[in-house]
Structure formats: C-alpha cells, structure tokens
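All remarks here apply to the structure that follows.
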Amino acid sequence: MTPRKPIVGGNWKMNLHRAQAVDLAKSLVDRVNSNEDVEVILFPPFPYLEAVGKVLRDASSPIRLGAQDFYHQPNGAYTGEVSISMLADLGVTNVLVGHSERRHVIGENDVLLNQKVLAGLKAGMEVMLCVGEKLEQREANQTDDINAGQTRYGLAGVDPKDMARVSIAYEPVWAIGTGKTATAADAQNAHVAIREVVARQFSTDIAQHVRILYGGSVKGSNAPELFAQSDIDGGLIGGAALKADDFMAIIDAATNSVSA
Ligand code: PGA
C-alpha cells in the first residue's frame, strides 16, 4: 500500500471579507505550523489572495495558497478573468479546476476544464480537479460513469510525469453545502472507481499515488470515519473551513487517520 499524504483544502468560496479572511488565516497559521502529516491548502476569494498569502509567508507557514479558479489563456482580452501567472505572482501554488459550482452554476464544460488543467500544470501549479455526480445521476445509478467521464476528460492529454501534481476531489453535488454526506462506504466505492479510471488512463502506479479527496458537508464529526477509508486521502471543505475551530477539527481527523 502506498502511503499518500492527505490533503485538507479550505474552499472559502465567495465568503468572508478582508479582515475576517486575514483573522482566519492567522489563527490557522498559529495552529497548523508544525503539522507534517497533512498538506493544508487555503482557497480564499481572489481579492484576498494577497493578504492571506502575506499571513502565510510572514509566518513561514507550511499552509499552501490556492486559487478557486483561473483562466487558461496567458493574457489578453478576457475581461474579468485572472491568469495563472497573475496568481503565481501572488504566491499561489495550488489551483482548483471544475468545482461543481463552476460546472453547474457558472456553466463550465469538460473542454474548458481540460484546458485549465493543462494550463495549470504547464505553469507549474498543483492542480485539484473536482468531479462528482448530481442527485438525479446518482438515483439513475450513473455515479461511476459521471465521475469516470469528468476524470477522463479533465485529465486528457496530461503528461504522466505531471500527475504527481494532480489531485482529484470527489464531491457529490447533492452533498455540497446541504448537510448531506455520502456514507463512508459510498464515498470509498466512488474513490476506488475513480482510482481505477486513473489506472486505466495512466498506470497503476500513478493511480496508487494520486490523492483523491472527498468533499461535501465534511465536518469534524464525520471526518474521522470518511478519512479512515483506505481510498479517501483527505477532504475539500466548504462551510466548515470558514471557522478555525471547525477546520482544525478536520485537519486533526486527517492527521489521526495517518497515525491510525
Ligand atoms: P461544503 O462544500 O463543505 O460546504 O459542503 C464543499 C465544497 O464545495 O468544496
């Protein structure tokens, strides 16, 4: 069994303002500083990347700075968009691609998301591709097909060497922000199926190394059971990432899952 270092990502979405973002980052920096078992990434809104990045830098924190989205073109007439090199300028090292809110609220499709994955990797970023089925797809027994399609399209054309910088977040859409969580067993099954897709698309070795995170109403109370599953390598956290105590409880659960 390959040991995979779990990732806990805090996806702040379109929440918090500057002072709150800085305060949250400061309390996390104080508490996460010495954690070597878990990779922690914060994904603040664009306008606060610089301020949060400064908190992390000033404390020489191991917490990584992530962006929730970007545009794949290097520069040009793309009003309202943000390029990878602009993010790199701010100290961003990690990017999300294809969060379900980008897919289903904003309307991004697999072709665009694949361009973003490739552009993110080309620029040296760590890329977290999000996949997951909607409720009606789950009810129609399409969960594995949807995840397989989004994974295959998302990672099409990725150089196998770059897969070390790719992680996948499985987030069933019906579980995001709803208080409903997939059972640990359902999540584990979905993760195994996604890992098999990666094995077929790349290699068994790459599939064994790729981190697959679970997301969707993860809290301190359900994180231990989820993270105890052998194919769940941490979590992408929304609501519970907005308060230091709640987020720390999840980081602790990930840390304990390593030592367990
Ligand atoms: P949630 O969001 O934890 O609030 O369900 C997770 C996510 O969308 O990344």
remark   = Checked region 200-252 against the a/c 1.5 cut and the a/b vs b/c comparison, axes a ≥ b ≥ c from its Cα gyration tensor; verdict prolate
note = Taking 162-172, 232-242 and ranking on average Cβ neighbours within 10 Å, highest first, one gets 232-242, 162-172
task = Could you work out how far apart the two model spin labels at residue 15 and residue 152 are, taking each label as a point 7 Å from the Cα in the direction of the beta carbon, and quote it in nm?
result = 3.5 nm
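Under the rule a/c < 1.5 gives rounded, and otherwise a/b versus b/c splits prolate from oblate, where does region 57-108 land using the Cα gyration tensor?
Note, shape of region 57-108 comes out oblate.
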query = So how do 22, 210 rank on accessible area, 1.4 Å probe, biggest first, that is with the largest at the start?
reply = 22, 210
remark   = Taking alpha-carbon centroids only, region 214-248 lies from region 91-113 a number of Å equal to 21 Å
Region 7-259, accessible surface, carbon-and-sulfur percent (1.4 angstrom probe) = 50 percent
inquiry  = If the reach is capped at under 13 angstrom between alpha carbons, list the aspartates and glutamates near residue 116, excluding any in the same chain fewer than eight residues apart.
reply    = 69, 81, 108, 126
ask   = What lysines sit close enough to residue 180 to cross-link, taking a C-alpha to C-alpha distance under 17 Å and skipping anything fewer than 8 places away on the same chain?
value = 134, 219
query = Taking only protein heavy atoms and a 1.4 Å probe, what accessible area per residue, in Å², does region 202-260 have with all protein chains in place?
reply = 38 Å²
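Arranged from highest to lowest average of other beta-carbon atoms within 10 Å per residue, in what order do the peptides 96-109, 78-91 appear?
96-109, 78-91
For the chain, return all DSSP H helices satisfying: extent of Cα atoms along own axis at least 20 Å; mean Kyte-Doolittle hydropathy at least -0.5.
Sorted by number, the helices that extend far enough and score high enough are 18-32, 184-201, 244-259.
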Net length gained if the chain between residue 109 and residue 51 were fully extended (0.36 nm per residue, minus Cα distance) = 17.8 nm
inquiry  = Quick check on the chain: helices-only [θ] at 222 nm, where DSSP H runs of length 4 and up contribute -39,500 (n - 2.57) each and the sum goes over total residues. Nearest 500, please.
reply    = -12000 deg cm²/dmol
note = Highest mean packing first, using Cβ neighbours within 10 angstrom, the peptides 152-161, 185-194 sort as 185-194, 152-161
request  = At q = 0.07, 0.09, 0.12 Å⁻¹, work out log10 I(q)/I(0) for the chain with the Debye formula, treating every Cα as an identical point scatterer and leaving solvent out; two decimals please.
outcome  = -0.21, -0.35, -0.65
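The values are calculated or read from the model by the stated rules, or taken from the named source; none is laboratory data. Note that this is a predicted model, so its numbers are computed, not measured. Methodologically, a virtual Cβ is constructed for each residue, glycine included, from the backbone with ideal geometry; neighbour enumeration extends over all protein chains shown. Accessible surface areas use protein heavy atoms only, side chains included; no ligands, DNA or RNA. Shrake-Rupley method; radii C 1.70, N 1.55, O 1.52, S 1.80 Å.
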